[in-house]
Amino acid sequence: MNTSEMKSKHKLLKDYSYELGEIEKGYTNRTLYVNLSNNEIKEKPVTQFMKDKFIGGKGFGLKLLWDATKPQTKWDDPENEIIISPGPIGGITQYAGAGKSLVVSLSPLTDIVIDSNVGGYFGPFLKFAGFDALEIQGKAEKDVIVIIDGKEGVVRIEEAPEEAVDSHILAEQLTDMYAKSENKKNFVSVVSAGLAAENSNIGVLNFSFYDKKRKKVRLKQAGRGGIGSVLRNKKIKAIVAIADGIKPNNVVDLDAIKECGARFNKEMRELDDDQCRMKKEGTAHLVEIMDDYDLLPTKNFKYGSHKDIMNIHSSVWRSKFTQNVFDGCWIGCTMSCAKAVDGFELKTGPYKGDKVIVDGPEYETVGGLGSNCGIFDADHIIEANFYCDTYGIDTISFGTLTAFLMECYEAGIINKEITGGLELTFGNKDAAIELMHQMARGEDFGVIAGLGIRKMKKYFAEKYGADINFMNDIGMENKGLEYSQYVSKESLAQQGGYAMTNKGPQHDEAWLIFMDMVNKQIPTFEDKAEALHYFPMFRTWFGLMGLCKLPWNDVEPVNNAETDEPAKVPEHVANYITIFNAVTGLNIDKKEMIRQSERVYNFQRTFNIRRGYGLRKHDAQPYRAAGPVTIEEYESRSERYDKQLLENIDVNPEGKSTEEKVAILRKYKEDMYEQLLDAVYQRRGWTQNGVPKISHLKDIGMDLPEVLEIVEPLQ
């Protein structure tokens, strides 16, 4: 069936006409609300209060979700929402990395707010269509598509029975359907999820963009926390945004933005090859660097390096990625890091024999689907990457939970009878890919895996009598979200950067391993606390604006090392302040930049508390994030750990059994983490139970009545 025939099968449920309007200083000054339970479509105003307190992007998402839900709302209740917002800077084309969207929802993994940063063209096209945010609530009875037509000024809800579900097909179908001609395909963007998002808690959203050179639709992921599962639970097959060209943000000072962009583009041209090689390898350039520093997760984070690293070395990815094509996931991004493997022939699953384009893999995918599962096969990683994308599976969660299952299998917690014949041993790539296909089909052991680590631990303990304490030690999740792919054992600051996050252990809040472990720049608790205040707040700012983090520090000015604070990349921070002021006409400085983020960050912390979380006990980490759990693990790095006993604790390891040494080291490392919590909470203006203090909320201007109502009883 061709796309015209598919479209003829659509049933219009509701249409809504609106005036297109203009963007003014980065804002359209309205949001779009769609309720699928009753097919209501309406506009909501963006007030000055929203802009002052919540800025945009993630901030708008948090505010809208707070207002739409109750403390007891579950992720699969109709009143849960998916909110997509690009932020005031989102959509400009004069500075790299300005095409991001922020997606906010209640997570099926964590039961708290999840936010995810994603590329692709949808966020800018949503803004060009006239909206600062899209807010979708309710549930449809049958599969629907929501179309936001920024050419005609119409929003439609249509039943869509014939289109595919898997994203690589669906995005092509809908791009063909709504572009109407080849030269208009780059003005259509599709948000979708796939079959696995229907049958698991780890579903992703795929945001599309049309690659004019390849003449292919490509996908970027809002990957964390299961928002794709929320999409499919609402019976949304896709959301489509149609743009009538690239619209200006109608900024106050375009020349200032262009000047910053020109300087950055010069850095990319002249420095990228000698720094991070983003244009050639994307984030995959990190693989051997992490291995060199014993930071590459291997066999469920037991180890940080492996002898077979050359099989997944960045040079391997460089040879597989198509070179010398524009690989930006938004117009004007000269970082061009969205690498792709073209013409990859699939060896397994429903698309076996098809030749496909595979976006990535990114470093996180290589670490998760590869080394963390003990698999050092580049083609397997590419295949698994493709299926994760089209099925709508988070590569980070899948890799981390599969590694957990492999350790459980080798420890005897689960066996072939339980797994339905899957031999989930480390390195078994055939079992790993079959587990993925089962997850997509909603069959067999794939259904159990799709629960996520936190729910699997409970299931194995209750059904099979598994040792919950051991599983808590090795199950790499915090707040219900699986860890991203860095070994944090030798960086106390990175342990905090993972487990003290509001949403769960995702490195986009604070990546401090090199500052802490390698460069020794933050030796004291006070230093670590300052870093764990500044960097999460600074990185939060990207999520308010519609910006990508990578152009901040994946290429640096040539004199950056000579500055007072090289880890902050001061020249790039100054660029961002200039750009924000040039877009909005405001006049913030770097202190106010952090305060903007603090307001939203503390609001999100309070949101978690409102839902029954957000306290000190919820910032606890699995012990494997801090130190060796097993005898084998200790002995693999015995020289390092014995030295720590002697130098840090003044305990002579000679004559002690490995079990004794593991226990002594554990007590020390757990105490260090508790001291870190104390220091960070104090720096953030929180109580020792992790609750924002009223005095701090007043100081930053987030002492809203609804916020104070939550935190006052806990002071």
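Side notes on the structure shown:
- Rounded to the nearest 20 debye, dipole of the chain from Cβ charges on Lys, Arg, Asp, Glu: 1520
- Sparse packing (at most 13 other Cβ atoms within 10 Å of the Cβ) combined with a DSSP loop state is found for the following GluC sites (Glu not before Pro) in region 359-467: 423, 443.
- The peptide list 179-190, 196-207, put in order of mean Cβ contacts within 10 Å with the highest first, becomes 196-207, 179-190.
- Remark: region 1-99 projects, on average over all directions, an area of 9.7 nm² (convex hull of Cα atoms).
- Here r is the Cβ-Cβ distance between residue 215 and residue 563 and R0 is 41 Å; the resulting FRET efficiency, rounded to 0.05, is 0.40.
- Here is how the number arises for the chain: DSSP H runs of 4 or more residues each give -39500 (n - 2.57), the sum is divided by the residue count, and the result at 222 nm is -12000 deg cm²/dmol.
- Taking only the alpha carbons of region 421-524, we obtain Rg and Dmax values of 16.7, 50 Å in that order.
- For region 276-448, the square roots a ≥ b ≥ c of the C-alpha gyration tensor eigenvalues yield an a/c of 1.5 or more together with a/b not exceeding b/c, which makes the shape oblate.
- Pairwise Cα separations in region 271-370 fall into 10 Å bins from 0 onward with the following percentages, short to long: 15, 42, 32, 11, 0.
- If you bin all the Cα-Cα distances of region 281-324 at 5 Å, starting from zero, the percentages per bin are 6, 24, 29, 21, 12, 6, 2, 0.
- Taking the Cα centre of region 276-448 as reference, the dipole from Cβ charges on Lys and Arg (+1) and Asp and Glu (-1) amounts to some 380 debye.
- Mean Cβ neighbour count within 10 Å, used as a protection proxy, ranking 447-458, 663-674, 257-268, 639-650 highest first: 447-458, 257-268, 663-674, 639-650
- Only one residue of 451, 251, 700 has its Cα farthest out toward the positive end of the dipole of the chain, where Lys and Arg carry +1 and Asp and Glu -1 on Cβ, and that residue is 251.
- Integer Hz, Karplus 6.51/-1.76/1.60 couplings in order for region 497-509, x for Gly and Pro: x, 8, 7, 8, 5, 6, 9, x, x, 10, 5, 6, 7
- For residue 305, net neighbour charge (Lys/Arg +1, Asp/Glu -1) across residues whose Cβ lies under 14 Å away: -1
- A convex hull fitted to the Cα coordinates of region 628-676 yields 69 cubic angstrom per residue.
- Along the axis of the charge dipole computed for region 492-714 (Cβ charges of +1 for Lys and Arg, -1 for Asp and Glu, origin at the Cα centre), the listed residues 713, 500, 649 are led at the positive end by 713.
- Fraction of beta bridges assigned by DSSP in the chain that are antiparallel (%, nearest 5): 85
- Whole-number percent relative contact order across the chain, with pairs defined as alpha carbons under 8 Å at least 6 apart: 14
- Structure note, pairs 258/528; 429/463; 237/299; 299/457; 212/279; 213/429: Cα-Cα distances above 25 angstrom occur for 258/528; 429/463; 237/299; 213/429.
- Simple rule: put +1 on each Lys or Arg Cβ and -1 on each Asp or Glu Cβ in region 276-448, find the dipole, and look at 316, 350, 426; the Cα lying farthest toward the positive end is 316.
- Taken along its three principal axes, the alpha carbon spread of region 461-516 comes to 42, 22, 16 Å, from the longest extent down to the shortest.
- Computed magnitude of the charge dipole of region 170-271 (debye, nearest 20; Cβ of K, R +1, Cβ of D, E -1): 340
- Percent of beta bridges antiparallel (DSSP, region 3-242, rounded to nearest 5): 80
- Considered as an equivalent ellipsoid built on the Cα gyration tensor, region 90-247 has semi-axes of 23, 18, 15 Å, the largest given first.
- Counting every C-alpha pair in region 493-534, the share spaced more than 11 angstrom apart comes to 59%.
- Mean Cβ neighbour count within 10 Å, used as a protection proxy, ranking 73-82, 623-632 highest first: 623-632, 73-82
- Note on region 492-714: percent of Cα-Cα distances in each 5 Å bin, starting at 0 and stopping at the bin with the largest distance, equals 1, 6, 13, 16, 16, 15, 12, 9, 6, 4, 2, 1, 0, 0.
- Karplus-derived 3J(HN,Hα), 6.51/-1.76/1.60, for each residue of region 453-464, Hz, glycine and proline x: 4, 4, 6, 5, 4, 5, 4, 5, 5, 6, 8, 10
- Net +/- balance of residues flanking residue 481 in space, Cβ distance below 10 Å, scoring K and R +1, D and E -1: +1
- Percent of Cα pairs exceeding the 49 Å cut-off, where the set is the chain: 9
- Net charge in the neighbourhood of residue 552 (other residues with Cβ under 10 Å of its Cβ; Lys, Arg +1, Asp, Glu -1) is +1.
Each reported figure results from applying straightforward, stated rules to the coordinates on display, with no laboratory input. Model, not experiment: these values are computed from the prediction. Heads up, the Cβs are rebuilt from the backbone with ideal geometry, glycines too, and the neighbour counts pull from every protein chain shown.
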